[in-house]
Each structure stands twice: as C-alpha cells, then as structure tokens.
C-alpha cells in the first residue's frame, strides 16, 4: 500500500490515518501553510509549523493545533513526519513522510528563491514527490528579488514625485510582507489595509521582525495619506475603499503579471511579476534535487509540466486536487476597526 | 528603440485614454522625426511586409530556448500573443549592444526583404541575443502580424495634433492614403503640398454613433434625411486625373478587387470623391437590393475575382455622399446641397453599377419607426439619420448623424467548445463555439467572442476549467450545460459549416441561466430563419 493516496477528501496517509491539506473536514490534518486553499476549517485536530499556528488561529478560529519546528520529527501511528522550509510564505513547510525506508514529500506551495522572511527552501530527498505547478510553463521565470524590489521602489518614488499615493495589491499573507520590505527601502510613509495589518500583528507577536507601518482606520486623515504607500489585498481593486487615497496609482503584485494581457485586463496602472511560487526553473530545480523516482504534479499547469518531466526521463503523473482555486481571493479578516465611524 | 519600447510598455499599462494620449504626445514632441514616421505607419496599419513566417519564428525560438515544440504551443495558447511568447521564452540577452534608433531597424528589415532564409535567421537570432525583454517584444511585433496594442488611430491623430500646430481632422486626412514610411519625411507627411500631390488620398470617413435618444427628442422630422443602412463595405470612390481609386474604411486600397467599377473612370468627372457602400447585387438588378454580406466576403477574400463571381454577384456602389466636386473639397457644404449635386451627378452618368442611396420619405417620426421594421426585407440592417444641414466631419462624432439598426435576430444555444483568448484575454477561455439541437445530437453552428462582461467571462472560464471533457490542441470540449442567447445581424447559406448556415456578426447577448440545454433552439429553427432572411 502506498504511503499516500489521493482521495476525495485530499491527500491521505492510510498507515498514519491522517490527511495533508484536506479540502473536507477530517480527524487529523497536517497543514503545509496558512493559505485558504490549503488550510480549511472543520477538522478535529491540526498539525503545523510553529509560525503557521497563530495564522490558522486568525483565519480558522480556535481548534486543536499541534505545532512543530522544522526538522523536528513526530510520529503518528508509526509514520515519521517532519516539516521542512518551503520558502512560500512565513511558516510554509514541505511535509516529509517516512515508513520502512519509503519517503514521500508533499511540497505544498513553494518557491526556491530565499525571500529573507519565509525561510530558505530546503530540498528533501525522497522516493515520491508531490509538487505544485502554479507557474509550470517556461514563460514564467522571475527576476531576482533584488531587481523586483528596486522596480517597486522606483515606481513608489516616481509616484511620490508626481503627487500620487502608491497602492500595492498583494496577498495579506506572504506577498504583503515582502512588498512591505520593498517599500520600506525607499520610504517610511506606509499604510496597511486591515487584513494585512491583522496578519502582520500575528507575525510580530510570533517574533517576526517587520518594518513599521500604520493601519488604515477611519481616524487617519486624508492629509496623512498623501503620497503614501498603501498595501492591501486585491479585493479592494475597484472598491470605494480606495477613494480616500486619491490621487493614487495601483500596482498588482503577482506572478500572473508576467503576461501583458493579464496586466491589461486588470484596472491597474502597473503590474509587478513577483510571486511566492517557484518559477519554471525553480520547479525543475526542486524536482531534480529530490531525486524522486515518481513525481506527482498538482494544481497549475500540471499536464504540461508532467509531460515535460516525462520527456526528461522523470516518472511524472498529473493529479487533480482542489488547491490553487482561490488564487484571486484572500480571506484574512480585515477587522471591524476600520468600518466603525 | 529603447524609447519606443518604453512607450509601448507605458501604453500597455496605462488605464486612462488621457494617459495614453499624454505618453504619445510626449513621444511625438521628443522623438527623432525619422522614427516618428515609422510610428505613425505602424499604428495606422502600414507595417512593412512580414519578413518571416510565424512558423519560422516559432521554430527558431524553440530551438534557441531548447524546448519541445508542443511546450512552445502550450505557452503560446496561454500568452495569446506570438511576439510576447517568444520574448518570454528566450534566454536573457547576453550581448548588450547600444540601442539603435527605431528607423534603423526598419531600414535593416527592408534590406532583408530579398535575403535568404539563412540570412534572415542569422539577423533575427542576433537581435534576440542583444535586445532586452521589452525591446525584444517590440522587435517581434515588427516582424510578425499586426501591431495592435490597444491604441486607436484616433488617439494617434490627437497626440500628433498636440505636438504639431495642426487640427486633428487635417492630420487624419494627411496621414491617410498612399505613402511610404521609408521615403517620406515627417515634414512632408504632414505638409499640405504632399497631400495635394497624392491623387489617391481619401478623406477621413465620417462615422455615426448608434442612436441614443428617443426620436421625439431629435427635433423636427423635416430637418432630417433618412436612408437605409446598407450592410456592405464602407468605401470611398475617387476619380482624379483620369485615375480611379477605391478605398475601404479600413484604409485598404481595393480598386483591383472590383473590376466592375473600372468603366466609371471615364464617366466620372475628374476631381470627384464619392462616399458610399460597396455591395454585391443580383445580376441585372434595377433596384438597390444587396445580396448577403457573406457573398461579398467570399469575393474580397480572393486574390483574383472569378468569372463566376462576376456573373452571379456583381459588385455595385451605393453612393450616399459627395465629398469632392470639380476638384474642390466640399465637405463643409450642408448635406442638402451635397446631396443635390450627388443626385445630379449620378443621374448624368447612368451607369448600371453606380446607384444613389434612396432617401426614405417620411413626415413624422412614427412613420419612420414603422418603416424601420421593413429594413431586413430590404436587405438593409436599419436606418441612417442625417441632419440636412450637417457638414461632413472626420471620424466618429455625435449629434448630426446617427445609425439606427434593427433589433438583431436571436437564438438560444449551448456552449460546447472553448479556447483561450488573445491580448487582454490571455489565459482566459473567452472564445466559444455554440451548438443547437438536432434530435439527440448537438450541431455546432457559430463562434462568438464578445458580449459578456469581464465577470461573466471569468465565471465561464472557471466553468470551462472544471468541466472540460477533452482537449484538442488549444480547444477544450466542454460539458454542454451553459446556455446563451446569440444575437446576430443576418444569416446565409454556407457549405463550410456543419450546420449549413453562417451568421453575420454573432455575439452573446444574454447568458440564459434560466434555461437548460433541453430548452435550446433546434437546427430546424435555424433553417426557418435561413428561409425567411437568407436571401
């Protein structure tokens, strides 16, 4: 019997009787990271990384959470489980399972470039590797982070010069913290949407150091917001929430911005192809580093990526999951503070 | 080249038309004159002949990037633009050379026109190694298809007007017609003398908006002229110095496509410009009654018109305006006067292919409303309303001219195939094929790409991604579940389509979420429409 099976509830380990990132409520869930398509509410018990725990509490509320550190093995029904940095967002982990010498690794989402906050991706050798493929086409290759940060900084300074605020749209968990670092390199005049501020509060409480930024509340005056940098989730695009920053320019920070057409159909002034997912070369490099005999490709361009791997002599199959469907949404609660009069 | 690539980048990412206008105006006030001529040529569809085929480019790209061809195609389907796909797949530039001015690239491209495939390949590969991603994209655009990047000719004209001391309609006129960006200077292009020397030079077309207000608010019926709105190709027929030129609205010189018009060269007086509709008519027809647009389309699609086509569907010209008379530009005369001259002219000539667009007599708006319902039987697609005192303006303007189309025909059908779109729809399933019922079978009968909001497209895209049954190259077969109402302007017999019909201008008019696939129309319903309106 295989160590992991693909079931209707998600990835299941029959020997250990637990699931990894299940999309339906189960007894025991091991969670790779706190994004909504991987961490869903309703399960009885959760196992996750120490830094993922407070994020799950913020998003899913109180549950039975067990936290572990990276490379700190735990055993469930004789299956050895260890978490290893995935480099995707803070707390994100690859999950390694081992029993009787057979090793599986579930990557969750990952990126191979070290972003300085999420922990550096650690290649883990295994027999079977389950990889994402969000950007699994060779058109997706990212600029180094330093170059991307410089581009964002340049855009902010140009807007300030011309009297505009700079609204940067990014996931509240992951991208927002990186964009905050990029912005903090050129200015200290930074504001956060409630969803981002709530996420940051949790992270700071957990011991992460982040640059200082203020929360946008009803009491912040229009004058204070002039020429400011604002970091917010993409759901605010085309919403009246943005009005208070007028005049402003909007940039979307997402790997999808790599293609002009995606940029053009969003009502935004700029797009930065900055992603928390591995690019094409990152995916290939990660797959090869595992030395896996069998690769399973999930959410993204799974058919193209698995076919390419096969042509490279790597056993690969595509697997349909329910991950990655919510890539446009972001469900961190944005607190009630700012809605109050 | 760098400056132009930056301009293209700015145009591609700016959201407001004012920002686009400002970026272009800035470009026209600062760039090299020789570069500007090429930019005007590019944006007005005067790109030099393509140097290489897209198949060659694809192949050179996947060889350079060491990728299998199928993966290249996957990427292309996702990006939806060949030039961009290539710029994304090529390795980062290795050799950085100084950025050459734009016009130098075009000189090089023109010089390569007669080169061998190896020489062309060597040139292209060398550029790919040297150009930055943005420049590479623009370069690929030069050597591949059209140069559509979300900027209208109107914006170009307005931007030019901002940077030189001329009004927009004068510029629109001067940059129209026959000119060669390789030989003309910027100054010559915009000068009055050059415009006068070009015998073929057409005037910018005056275009109408769709009627926006109730007829009662249009004032007195007696101030308006009504005509049928013909469904052909808008064209300008020019006779100057014993030469005949026929331009389409897309500024394509089509004189050779219509040998029927040749004998008009001697009959039309020199210095005459007619505005009208190019249509096909049944042979020896006395009254103005066009054949379906599909027939005209098959004619213009061919390099050489066949004898059979000339016999069965001869072209005619329905004139509705006179722009130049005895060598003088009379666009500023009121319509009533231009019309009188036009009628006299056509009366004198008495040529079987040259007709005057009949004026519809009506003395009150209610009568006109009734007459409009007969439009389809008349082979027209509605009415045109023109103020009798109106001058002939340039471009699309509100106020004096209105088009008032008849309501489209509609049919309910189900979505069965989907394909990813291009440009701003890249990586989204937005190009659909629809089917009607024929007993237990579904028969595809039309494609449609437009009519939905961005939100609706996103919802259909999500449905397609979750409900695709099979994959044929870029095409997904989709579970037949989503029902749409398709609106179209006409229907004609077609041997090229499985259903036996071809629709004119089909688009999605409504997403019928209230209907199931059992309730859609049938092939028989389509055949009935064909019988009723297909002639």
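The values are calculated or read from the model by the stated rules, or taken from the named source; none is laboratory data. Keep in mind it's a predicted model, so treat the numbers as computed, not measured. Here the Cβ is made from the backbone with ideal geometry for all residues, glycine too, and neighbour counts use every protein chain on show.
Structure data summary
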{"quantity": "Residues of the range B:185-210 that turn out to be touching a residue at least 60 places away in the same chain (Cβ under 8 Å) and touching a strand residue (DSSP E or B) at 6+ places or on another chain (Cβ under 7 Å), as a count", "calculated": "9"}
{"quantity": "Scan of the range A:43-64 for residues that are in a loop (DSSP other than H, G, I, E, B) and either touching a strand residue (DSSP E or B) at 6+ places or on another chain (Cβ under 7 Å) or under 19 Å from residue A:174 (Cβ atoms) (or both), ordered by number", "calculated": "A:43, A:44, A:50, A:51, A:63"}
{"quantity": "Odd one out for residue A:231 among (1) outside any loop (DSSP other than H, G, I, E, B); (2) more than 23 Å from residue A:52 (Cβ to Cβ); (3) modelled with pLDDT of 95 or more; (4) touching a helix residue (DSSP H, G or I) at 6+ places or on another chain (Cβ under 7 Å)", "calculated": "(2)"}
{"quantity": "One residue from B:34, B:46 being in a helix (DSSP H, G or I) and either more than 28 Å from residue B:428 (Cβ to Cβ) or free of Cβ contacts under 8 Å to residues at least 40 places away in the same chain (or both)", "calculated": "B:34"}
{"quantity": "Any hit, the range B:389-410, residues being more than 30 Å from residue B:332 (Cα to Cα) and in a strand (DSSP E or B)", "calculated": "yes"}
{"quantity": "Lone qualifier among B:60, B:128 - being more than 14 Å from every other protein chain (Cβ to nearest Cβ), under 30 Å from residue B:181 (Cα atoms), modelled with pLDDT of 95 or more and part of a helix (DSSP H, G or I)", "calculated": "B:60"}
{"quantity": "Residue match in the range A:68-82 (condition: buried (at least 23 other Cβ atoms within 10 Å of the Cβ), touching a strand residue (DSSP E or B) at 6+ places or on another chain (Cβ under 7 Å) and modelled with pLDDT of 95 or more)", "calculated": "no"}
{"quantity": "Lone unmet requirement of (1) surrounded by fewer than 18 Cβ atoms within 10 Å (Cβ to Cβ); (2) modelled with pLDDT under 90 for residue B:425", "calculated": "(1)"}
{"quantity": "Residues satisfying the stated conditions in the range B:450-481, i.e. surrounded by 14 or more Cβ atoms within 10 Å (Cβ to Cβ) and more than 14 Å from chain A (Cβ to nearest Cβ)", "calculated": "B:451, B:460, B:475, B:477, B:478, B:479, B:480"}
{"quantity": "Test: residue in the range B:131-153 that is in a helix (DSSP H, G or I), touching a residue at least 12 places away in the same chain (Cβ under 8 Å) and more than 29 Å from residue A:139 (Cα to Cα)", "calculated": "yes"}
{"quantity": "Test result for residue B:162, farther than 24 Å from residue B:249 by Cα, touching a residue at least 24 places away in the same chain (Cβ under 8 Å) and under 27 Å from the mean Cα position of the chain (by Cα)", "calculated": "yes"}
{"quantity": "Cβ pairs under 6 Å, 6+ apart, first in the range B:211-223 and assigned by TED's automatic domain parsing to the domain that holds residue B:390, second assigned to a loop (DSSP other than H, G, I, E, B)", "calculated": "B:221/B:364; B:223/B:388"}
{"quantity": "Within the range B:63-98, considering residues that are more than 7 Å from every other protein chain (Cβ to nearest Cβ), part of a loop (DSSP other than H, G, I, E, B) and surrounded by fewer than 16 Cβ atoms within 10 Å (Cβ to Cβ), the one modelled with the highest pLDDT", "calculated": "B:66"}
{"quantity": "Scope the range A:302-341; condition loosely packed, with under 15 Cβ neighbours inside 10 Å, at pLDDT 50 or above and over 18 Å from residue A:108 (Cβ atoms); matching residues", "calculated": "A:303, A:310, A:311, A:312, A:313, A:315, A:317, A:333"}
{"quantity": "Sole residue being under 14 Å from residue B:342 (Cβ atoms) and out of contact with any strand residue (DSSP E or B) (no Cβ under 6 Å at 6 or more places or on another chain), chosen from B:277, B:326", "calculated": "B:326"}
{"quantity": "Tally of residues being part of a strand (DSSP E or B), over 20 Å from the mean Cα position of the chain (by Cα) and touching a residue at least 40 places away in the same chain (Cβ under 8 Å) across the range B:224-244", "calculated": "8"}
{"quantity": "Hits in the range A:256-276 (condition: out of contact with any strand residue (DSSP E or B) (no Cβ under 7 Å at 6 or more places or on another chain) and away from chain B (no Cβ under 12 Å))", "calculated": "A:275, A:276"}
{"quantity": "Residue satisfying condition, being in contact with a helix residue (DSSP H, G or I) (Cβ under 8 Å, 6 or more places away or on another chain), without any contact (Cβ under 8 Å) to a residue 40 or more places away in the chain and surrounded by fewer than 24 Cβ atoms within 10 Å (Cβ to Cβ), within set A:64, A:45, A:41", "calculated": "A:41"}
{"quantity": "Filter pass, residue B:340 being assigned to a strand (DSSP E or B) and either within 14 Å of chain A (Cβ to nearest Cβ) or surrounded by fewer than 18 Cβ atoms within 10 Å (Cβ to Cβ) (or both)", "calculated": "no"}
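Yes/no per residue for (1) out of contact with any helix residue (DSSP H, G or I) (no Cβ under 6 Å at 6 or more places or on another chain); (2) part of a loop (DSSP other than H, G, I, E, B); (3) surrounded by fewer than 21 Cβ atoms within 10 Å (Cβ to Cβ):
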position	(1), (2), (3)
A:267	yes, yes, yes
A:271	no, no, no
A:275	no, yes, no
A:281	yes, no, yes
A:285	yes, no, yes
